[in-house]
Amino acid sequence: QISTKKNSIKPGNLVSFGKPPGYDIKSIRKDYHKPMIVEELNDREIVAVAIGGDCYFALSSGGEVLCFGDKYLKKYFSRPDHDFVPLLNISEFYPSVYGPNGDKFMTDDHGDIIPFFERETGSIRAIDSSESHFLALSQLGDVYMLGNEGIVPTPPIDDIRNPRGLRPRKSCYVWPVHIYQLPNRAIDISAGGTFSAAILEDNTLYTWGWFTRCQAINVKNGKKTEFLPKPEPVRWTRPLFKRIVLGVSCGWNHMLVLAHDETRNGVSTYSCGQNDFGQLGHGDQENRNELEEVRKLCSDEIRMKLI
């Protein structure tokens, strides 16, 4: 059912269907519901895709990040006569000396720190996106982020693209900001509605952004919101357990975590956040601001399947 002008499909082709990012519904083809190969990326092997709002990001096998769409980028990069940013190569993944790798790989033969724009940019191995921001994880374990101001933590002081005291352009960071505040290298990332999560190489979990502990989203109704301006370790309902975090997935305003409990020698699923529809799996509709074990998924048989 996949249509292509060239009638040739090869591994790594990107296929999309639905309303193309950035296009007016009246101007697109009538068969937009059918899968179509993205011809503009035919010369690249795509290994991952992240969709957020009206744009999507693609990751090539060579660590190249490409973007279509207008949610983040239309009003910053497109010309007045363009409705749509056709294809953008995001390449400015410059590391900070204040990140988890320190100045490793950032000194010259004399031991001096390499100037910011002369540093080797990070090769990306994983991406994720939501409607408000985009995350990228480099081969060296550095996390980068672009998106709305207030969701993206303050850039490091050696990032000369945004001197201290200056606001990002139109309240949005349109270049990848190094999340230097993480205490260790990351091995996995996940983008929620307005918050982010990263698993570090010591298998701990850190989160940051709005509603990170997912109290509730409506302040007017007396419900509390919470904002973390920099990454912080998550909270658990039973902190005495020693846990090895294996996986994380962030929704719009809730989060699921898979962790190995060394105390009980088993794998468990945890959840926290907004629970209006029972999406946390605890059998009720109460919000959680700490990760709580989903007891329906704690049998030995289910734990084996999770592993």
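The values are calculated or read from the model by the stated rules, or taken from the named source; none is laboratory data. Since this is a predicted model, take the numbers as computed values, not measurements. As a convention, Cβ positions derive from the backbone with ideal geometry for all residues, glycine included, and neighbour counts pool all protein chains shown. These accessible areas exclude ligands, DNA and RNA; they are computed on the full protein's heavy atoms, side chains included. Shrake-Rupley method; radii C 1.70, N 1.55, O 1.52, S 1.80 Å.
Roll a 1.4 angstrom probe over the protein heavy atoms and tell me the percent of accessible area of the range 96-140 that is carbon or sulfur.
So the carbon and sulfur contribution to the accessible surface is 44 percent.
For the ranges 142-153, 198-209, 279-290, what's the packing order if you count other beta-carbon atoms within 10 Å of each residue, average per peptide, and put the highest first?
Sorting 142-153, 198-209, 279-290 by mean packing, highest first, produces 142-153, 198-209, 279-290.
Spelling out what I want: for every residue of the range 114-126, take phi, set θ = phi - 60°, compute 6.51 cos²θ - 1.76 cosθ + 1.60 (Karplus), and round to whole Hz; glycine and proline get x.
Taking θ as phi minus 60°, the curve returns 6, x, 3, 6, 9, 6, 6, 6, x, 7, 8, 10, 8 Hz for the range 114-126.
What residues have an amide H closer than 5 Å to that of K230, excluding those fewer than 5 places away on the same chain, when H is modeled at 1.01 Å from N in the peptide plane?
Those lying under 5 Å, H to H, from K230 are G209.
If the cut-off is 18 Å between C-alpha atoms, which aspartates and glutamates fall inside it for K296, apart from same-chain ones fewer than 8 positions away?
D261, D284, E286
Can you work out the accessible area per residue across the range 228-292, with the rest of the protein chains kept in place, probe 1.4 Å, in square angstrom?
Ligands and nucleic acids excluded, the result is 50 Å² per residue.
Please give the FRET efficiency for K296 paired with Y98, using the beta carbon to beta carbon distance and R0 = 25 Å, rounded to the nearest 0.05.
0.05
Expected output is a single nm value to one decimal: the length gained when fully extending between I113 and I244, i.e. 0.36 nm times separation in residues minus the C-alpha distance. What is it?
43.6 nm
Name the long-range amide H neighbours of V248: under 5 Å, sequence gap of 5 or more, or other chain; modelled H, no Pro or chain starts.
Placed amide hydrogens put L258 under 5 Å from V248.
Kindly state, to the nearest 0.05, the FRET efficiency for F227 paired with I160, given R0 = 25 Å and r defined as their beta-carbon distance.
Result of the calculation: an efficiency of 0.40.
Would you please give the residues with an amide H less than 5 Å from that of I187, counting only those at least 5 places away or on a separate chain, with H modeled from the backbone geometry?
I199, L200, E201
Scan the range 104-159 for trypsin sites (Lys or Arg not before Pro) in coil per DSSP, keeping those whose Cβ has at most 16 other Cβ atoms within 10 Å, and list them by number.
K104
Might you work out the accessible area of F17 for me, using a 1.4 Å probe with all protein chains in place, and round it to the nearest 10 Å²?
The accessible area of F17 comes to roughly 140 Å².
How do 36-46, 182-192 rank on mean C-beta neighbours within 10 Å, highest first?
Going from most to least packed, we get 182-192, 36-46.
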